[in-house]
């Protein structure tokens, strides 16, 4: 199947979060960027160098710059853990991709699309954590939550073959 650049529906701009404290009219950052992410992945497979792809890459770069602020805030608020390290590294990588993602337009579209999708997810998680009554971020002992406990580690002796 061949998809021409003018056949890919590029959704109109939706409001996004520009800071962790800003209220927005959209329900989900992920929903707001879903159309751009899908369009980028489709264009990457069929028409990565066309005019629509160029405009979409620029829009995705702007979305990375916009969503990186609340996504970074989310990562900062997580307790020290592997999850925090991954979230912080994802934000750093997304910013790097937005600055320069190489010369291959298909790879650039894919990297930008996936980066925007991850940042939007972190933005949604930050919003959910703030709106949940008395709940903290994942791994936090929020108000009314039982104290955090470490999971029991079960180890077994190595099996000996005779």
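Results, tabulated for the structure shown:
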{"read-out": "Among (1) modelled with pLDDT of 90 or more; (2) surrounded by fewer than 17 Cβ atoms within 10 Å (Cβ to Cβ), the one test that residue 102 misses", "value": "(1)"}
{"read-out": "Residue pairs meeting the criteria (Cβ under 6 Å; at least 6 apart or on separate chains; first more than 15 Å from residue 30 (Cα to Cα), in the stretch 113-138; second modelled with pLDDT of 85 or more)", "value": "137/77; 137/78; 137/129"}
{"read-out": "Test: residue in the stretch 78-89 that is assigned to a loop (DSSP other than H, G, I, E, B), touching a helix residue (DSSP H, G or I) at 6+ places or on another chain (Cβ under 7 Å), at pLDDT 85 or above and closer than 30 Å to residue 62 by Cα", "value": "yes"}
{"read-out": "Among (1) in a loop (DSSP other than H, G, I, E, B); (2) modelled with pLDDT under 95 - the single one residue 126 does not satisfy", "value": "(1)"}
{"read-out": "Test: residue 53 is part of a helix (DSSP H, G or I) and more than 17 Å from the chain's Cα centre (by Cα)", "value": "yes"}
{"read-out": "Flag for residue 143 being more than 13 Å from the chain's Cα centre (by Cα), crowded, with 20+ Cβ neighbours inside 10 Å and either at pLDDT below 95 or assigned to a helix (DSSP H, G or I) (or both)", "value": "no"}
{"read-out": "Subset of the stretch 90-104 [assigned to a helix (DSSP H, G or I) and in contact with a helix residue (DSSP H, G or I) (Cβ under 6 Å, 6 or more places away or on another chain)]", "value": "90, 91, 94, 95, 97, 98"}
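The values are calculated or read from the model by the stated rules, or taken from the named source; none is laboratory data. No experiment lies behind these values; they were computed from the predicted model shown. All Cβ positions, glycine included, derive from the backbone under ideal geometry; neighbour counts span all protein chains shown.
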